[in-house]
Amino acid sequence: MVERLASVRRGNPAKPLVTVDLQGADHALHLKFRLDRDRLAAEQALDGRYALGTNATHLSADEALTIFKAQDDAEKQFRAWKGPLAVRPVFLHTDQRIEGLVFISLVALLVRALLRLACQQAGLKVSAEFAPWSAVDLTLTDGTHVRQVALPTDFQAQVMAALGVPPCERYLTPLASSG
């Protein structure tokens, strides 16, 4: 049984936190264990910490960590630009339409990156995505144009207010008839 207990503890990252005492013979074993709460508290204090090195002497530890974590966003943006373009299955029959779809997708990625940058410059912590948000522009058979915009979420409204974007009601006004 001692060997089995040793094999369970081997490679276990919590091993230093628990003291184990196994005594007795088969059929009369007595197991005592104790959690080292002081050591556990010391380990928990290090949870989520990063070891970072920088030559920027003007940054606090929190500022350095914020900049380090922001690199992940930049790397994801580059991956989106350089990686395979993920689009819904569509059936385009000409090279011109395929190029158009790729162009629009790249423009959308650029707009997203610029929106994220504008939010950061406005002091907004951008942790949520801006989508889904939709707009519909219809031309009816009588030539009337109707434009509808979905109501923004609280986060979207906060971002729009911080960036000075006009309210959605502005876009709900029907355009003049082209007749």
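Just a few scattered comments:
- Computed with the Debye formula from one identical point scatterer per Cα of the chain, without solvent, the log10 of I(q)/I(0) at q = 0.15 Å⁻¹ comes to -1.11.
- Choice from P89, P13, P166 showing the highest fluctuation, given a GNM over the chain with Cα pairs closer than 10 Å: P13
- Positive-end residue of H27, A161, A14, charge dipole of the chain with Cβ unit charges: H27
- Estimated purely from DSSP H runs of n ≥ 4, each contributing -39500 (n - 2.57), the mean residue ellipticity at 222 nm for the chain is -14500 deg cm²/dmol once divided by its residues.
- Under conditions of 37 °C and 0.692 mPa s, segment 2-45 yields 279 µm² s⁻¹ as its translational diffusion coefficient, taking Rh as the Kirkwood radius over Cα pairs in the Stokes-Einstein equation.
- Beta bridges per DSSP with both ends in the chain, % antiparallel, nearest 5: 100 percent
- Relative to the Cα centre, the charge distribution of the chain, modelled as +1 at Lys and Arg Cβ and -1 at Asp and Glu Cβ, gives a dipole magnitude of about 400 debye.
- Nearest-ten-degree value, helix 154-163 long axis tilted from longest Cα axis of the chain: 60 degrees
- Reachable lysines, given that their alpha-carbon falls under 25 Å from the alpha-carbon of K15 and they are not under 8 places away in the same chain: K32
- Along the axis of the charge dipole computed for segment 61-121 (Cβ charges of +1 for Lys and Arg, -1 for Asp and Glu, origin at the Cα centre), the listed residues C119, Q77, V107 are led at the positive end by V107.
- Whole-number D in µm²/s for segment 61-121 (Stokes-Einstein; Kirkwood sum over Cα pairs; 25 °C, 0.890 mPa s): 179 µm²/s
No lab work stands behind these numbers, since they all come straight from the coordinates. Given the structure is predicted, the values throughout are model-derived calculations rather than measurements. Here the Cβ is made from the backbone with ideal geometry for all residues, glycine too, and neighbour counts use every protein chain on show.
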